[in-house]
1. Taking θ as phi - 60°, what are the ³J(HN,Hα) couplings along region 131-147 by the Karplus curve (6.51, -1.76, 1.60), each to the nearest whole Hz, with x for Gly and Pro?
2. How long, wide and thick is region 95-141, going by the Cα atoms along their three principal axes, in whole angstroms, largest first?
3. Using a 1.4 angstrom probe and counting only protein chains, how large is the accessible area of Lys39 in Å², to 10?
4. May I ask you to compute the full-extension gain from Asn73 to Ser43, defined as 0.36 nm times their residue separation minus their alpha-carbon distance, rounded to one decimal in nm?
5. Accessible area of Asp33, 1.4 Å probe, to the nearest 10 Å²?
6. Per residue, how big is the convex hull around the C-alpha atoms of the chain? Give it to me in cubic angstrom, could you?
7. If one computes the Cα centroid of region 55-133 and of region 1-33, what distance in Å separates the two points?
8. From the C-alpha gyration tensor of region 47-119, pull out the three semi-axes of the equivalent ellipsoid (sqrt of 5λ each), sorted largest to smallest, in whole Å.
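The values are calculated or read from the model by the stated rules, or taken from the named source; none is laboratory data. A quick note: this is a predicted structure, and the numbers were derived from the prediction, not measured. A quick note on method: Cβ atoms are made from the backbone with ideal geometry, for glycine too, and the neighbour counts reach across all protein chains shown. Please note that ligands, DNA and RNA were not included when accessible areas were found on the heavy atoms of the full protein model with its side chains. Shrake-Rupley method; radii C 1.70, N 1.55, O 1.52, S 1.80 Å.
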Amino acid sequence: MKKIVLLGYMGCGKSTIAQNLSKLTEIPFLDLDVCIEKKANLSIKEIFEQHGEIYFRKLEHEMFLELLQSPENYIIGLGGGTPCYANNHLLLQNQDLVSIYLKASIDTLYNRLVHNKSKRPLIADMNEEEMKEFIAKHLFDRSFYYNHAQFKVVVDDKTVEETVEDILKILA
Ligand SMILES: Nc1ncnc2c1ncn2[C@@H]1O[C@H](COP(=O)(O)OP(=O)(O)OP(=O)(O)O)[C@@H](O)[C@H]1O
Ligand SMILES: O=C(O)C1=C[C@@H](O)[C@@H](O)[C@H](O)C1
Ligand SMILES: [Mg+2]
């Protein structure tokens, strides 16, 4: 059994899908953002505010390596930006793991994030128009990194159960 790594833009459903997949497979789920928060004893928002994004990206890379090197098996939900910094995208192609990009459209992401942005420091202070433009540009820039995943699952218009089903087919 290999480690399963879920990646994709903020709001694509990494945490939600990973929790459900974990229940079905009985493989424990670790959310990279939560692991960073526990280690730093600060929320992601506080890390950004007190130490800045570059420091956060360093912690994120170190924690990703730590989880990959652990002997236990996990489903790992990455942060939205994890593949896009510190050459983390190259780690996605490691044959000791299965990496899956949860691909969501701009509209899906916008609709999910618009009422749920306060804990996400990159978009927390934007109005709705700024947010839509930001997501469009940012997703375009990030797609290069996300596309280094070994597999891709389109999540638009799917229920959580349908997306989990698609992932189980990949793992079969
Ligand atoms: N079909 C669906 N699949 C997954 N999530 C969904 C779906 N429909 C609605 N959601 C909602 O989308 C929101 C974002 O999901 P989630 O927090 O899992 O994303 P994430 O990728 O972990 O985001 P982040 O990178 O910011 O941690 C949640 O409120 C979740 O309930
Ligand atoms: O997309 C991003 O760059 C981020 C996504 C979140 O998961 C957190 O890791 C943090 O808010 C940064
Ligand atoms: Mg999450």
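1. The phi angles translate into 5, 5, 5, 4, 4, 4, 5, 5, 5, 4, 4, 7, 4, 3, 6, 4, 6 Hz.
2. Principal extents (Cα only, largest first): 41, 21, 17 Å.
3. 140 Å²
4. That pair, Asn73 and Ser43, stretches by 8.3 nm at full extension.
5. Taking all protein chains as shown, Asp33 has close to 50 Å².
6. Details: hull volume 18.5 nm³, N = 172.
About 108 Å³ per residue, rounded to a whole number.
7. 11 Å
8. Working: eigenvalues 111, 69, 25 Å².
Here the semi-axes work out to 24, 19, 11 Å.
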